[in-house]
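Written below as structure tokens is the structure these notes are about.
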Amino acid sequence: MQISLNITETIQECLVSMMSESAAGYIAMVIIALIYLGIFSVAGLFLVLLERRVAAWFQLRIGPNRVGFQGLLQTMADALKLVSKELTGTDRADKFLYNLAPYFVIISALMALGLIPFTKEFQAFDINIGIFFLIAVSSIGVIGILLGGWASNNKFALIGAMRSGVQTISYELSVGLSLLTMILLTGSLQLSEIVELQKSGWLIVQGHIPAIIAFMIYMIAGTAETNRAPFDMVEAESELGAGFHTEYSGMKFAYFFLAEFINMFLIAAIATTVFFGAWLSPFGITESIPWLGVLWFLVKTLLLVFLMMWFRWTFPRLRVDQLLTLEWKYLLPINLVNIVVMAFIVWQNLIILI
Amino acid sequence: MSYFSNIFNGIKTLLTGMSITGKYFLNSRKGAITQQYPDNRDTLKMFDRFRGEVIMPHDENNEHACTGCQKCEIACPNGTIEIIWDRGIDEHTGKNKKKIDKFVYHLSMCTMCGLCIDVCPTDAIKWGQNFENSVYDRTALTRVLNKPDSKLRAGVED
């Protein structure tokens, strides 16, 4: 297995001069993990703010604009409030699993972030089974949701968790298959290689019609994966209170909340990497300035995040049977046909290259 | 074949919905309905049918239109209105007539149902637009609506 820790190299070199190589490797990993943790918990908070402002604009409101300039510190203040709150729990709850569940959710969300190539250098963990690893790790989150719902000793939480299980396991298929469609084109699971390949045209252009269909399926299934409206039956405020995290308060609730937004960012980031050329600028206009890659990556990702917010504030919630009909009768057959079409295109070399 | 038409119908209707919310998103700067309340206190104008409190309008001669008929007091389901009245010589006609001494209005008991205003035969009481009704002492919520030394406007009873 070829693992190259690109951004860790500088830190590791610095540490190697002070201690043995293996110790330096571990310490470098810890430092990188802390850097990621810091960046993305703050980024998650700003995503929450973005969501609230965008939601407000969709509903002809103004949104939070009092704390800090244009409300920039609003979610920071909210997080501070949540930290200082009491951690409550239900009677006869399974205390161990109840306390474990939020960490499953937040750790699986943060773990997948390490693979995302923000630029050529800024990628913590470039594993050769990248896409596979991403799909695998992002589906661990559902275990946390199921544990939380089960251990809460609350009917609403249990119903929410079970719905989440049904939903995530169904839509996992579509996410996997739509990404597999693109893997046919790249022939590699490693994210850095996928990005390298897109220097001759983003994959959504290279793969044209089947790639666009795959992208649409990916966005629908990805929205369902993150349990956001219109697929938010897991939380379904009007039916279940708050679903699986009904009984959580304070910081544990904040973990669930933050994980939802990091997952949303993650889904958008994977779509950016696989379909829209990650940190590559359109037509290579800023190829000479490599650090601008982060900017391009964030612009593309936030546009896709905005698309998901647009879905959320437009569409009404689906029923459970409608949700399963959509997956098993529409998305999955279309996806399978789409893979065959993509295979045909790759075989006949009908790819559009710029 | 309805399978494929279902898909295209689905996508079409979803896009219709998204275009509508998209238009709202783009126009939100101009058409935001949020009132930034403490900032726009000077320019904030409540809408016509807003029910803030019951008021009794007085004209420039300090005259009101309340004849003291007590219909509002009877109509009120909560006992919000108390009219303290007396009989006195009417200066226009010289007859001994009913006059209000104090029109007492307990805002703390009022549910803003509007029955008193509907029932008033002379339109002496109306809805006020004031909504900043909070006070530190609840006795301040008991108000006398007729101003001191105010009189009945001539010709109201005709």
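The values are calculated or read from the model by the stated rules, or taken from the named source; none is laboratory data. It should be emphasised that the depicted structure is a prediction, and the values quoted were computed from it without experimental measurement. FYI the Cβ positions are ideal-geometry reconstructions off the backbone, even for glycines, and counts take in every protein chain you see. Each accessible area value is taken on the protein alone, full model and side chains, heavy atoms only, with ligands, DNA and RNA left out. Shrake-Rupley method; radii C 1.70, N 1.55, O 1.52, S 1.80 Å.
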- Query: Cα axis of helix B:2-31 to longest principal axis of chain B: angle in degrees, 0 to 90, nearest 10?
  - Reply: 50 degrees
- Message: Sort A:258-268, B:74-84 by packing, meaning the average of other beta carbons within 10 Å per residue, with the highest value first.
- Response: A:258-268, B:74-84
- Task: Work from the charge dipole of the protein assembly as shown (Cβ charges, +1 for Lys and Arg, -1 for Asp and Glu, about the Cα centre) and give the residue of A:231, B:3, A:49 farthest towards its positive end.
- Result: B:3
- Rounded to the nearest 20 Debye, what is the dipole magnitude of the protein assembly as shown about its Cα centre when Lys and Arg each give +1 and Asp and Glu each give -1 at the C-beta? 860 debye
- Item | ³J(HN,Hα), Karplus 6.51/-1.76/1.60, whole Hz, each residue of segment A:264-270, x for Gly, Pro | 4, 4, 5, 4, 5, 5, 5
- Within a 10 angstrom radius of each residue's Cβ in A:55-68, how many Cβ atoms of other chains show up on average? Whole number is fine. 4
- Message: Within 14 Å, Cβ to Cβ, of residue A:249, how many net charges do the neighbouring residues add up to if Lys/Arg are +1 and Asp/Glu are -1?
- Response: 0
- Task: Post the alpha-carbon centroid distance, segment B:43-75 to segment B:80-152, in whole angstrom.
- Result: 8 Å
- Task: Spit out the partnerless Cys residues in chain B, using Cβ distances under 4.7 Å as the pairing rule.
- Result: B:66, B:69, B:76, B:110, B:113, B:120
- Query: When ranked by the protection proxy of mean other Cβ atoms within 10 Å per residue, highest first, what sequence do the peptides A:77-83, A:101-107 form?
  - Reply: A:101-107, A:77-83
- Most to least packed among A:220-228, A:28-36 [average Cβ atoms within 10 Å]: A:220-228, A:28-36
- the protein assembly as shown: antiparallel DSSP beta bridges as a percent of all, rounded to 5: 90 percent
- May I ask what percent, to the nearest 5, of DSSP beta bridges between residues of segment B:53-152 are antiparallel? 90 percent
- Determine the dipole magnitude for chain B: charges of +1 sit on the beta-carbon of Lys and Arg, -1 on that of Asp and Glu, nothing else is charged, the reference point is the Cα centre, and the result goes in debye to the nearest 20. 740 debye
- Once you have a ≥ b ≥ c as the square roots of the Cα gyration tensor eigenvalues for segment A:220-354, tell me rounded if a/c is under 1.5, and otherwise prolate or oblate according to whether a/b is larger than b/c. oblate
- DSSP loop trypsin sites (Lys or Arg not before Pro) with at most 11 other Cβ within 10 Å: longest gap in chain B: B:96-158
- Message: Among the listed pairs A:120/B:12; A:95/A:329; B:71/B:147; A:81/A:300; B:71/B:151; A:199/A:329, which have their C-alpha atoms separated by more than 30 angstrom in this model?
- Response: A:120/B:12; A:95/A:329; A:81/A:300; A:199/A:329
- Out of segment B:1-102, which chymotrypsin sites (Phe, Trp or Tyr not before Pro) are coil in DSSP terms and have no more than 12 other C-beta atoms within 10 Å? B:47
- Task: Determine the per residue accessible area of segment B:32-117 with all protein chains present and a 1.4 angstrom probe, expressed in square angstrom.
- Result: 64 Å²
- Calculated from backbone phi, Karplus (6.51, -1.76, 1.60) coupling profile of segment B:90-98 in Hz, x at Gly/Pro: 7, 6, 7, 9, x, 8, 7, 9, 6
- Item | Percent RCO, i.e. relative contact order, over segment B:30-158, from Cα pairs under 8 Å lying at least 6 residues apart | 34 percent
- Item | ³J(HN,Hα) computed for each position of segment A:228-238 - Karplus, 6.51 cos²θ - 1.76 cosθ + 1.60, integer Hz, glycine/proline x | 9, 4, x, 10, 9, 5, 4, 9, 5, 3, 6
- Query: Shape call for chain A from the C-alpha gyration tensor, a ≥ b ≥ c root eigenvalues: rounded (a/c under 1.5), prolate (a/b greater than b/c) or oblate?
  - Reply: oblate
- Along the charge dipole of segment B:53-152, which of B:55, B:74, B:105 sits closest to the positive end, that is, farthest toward it, with unit charges on the beta carbon of Lys, Arg, Asp and Glu (+1, +1, -1, -1)? B:74
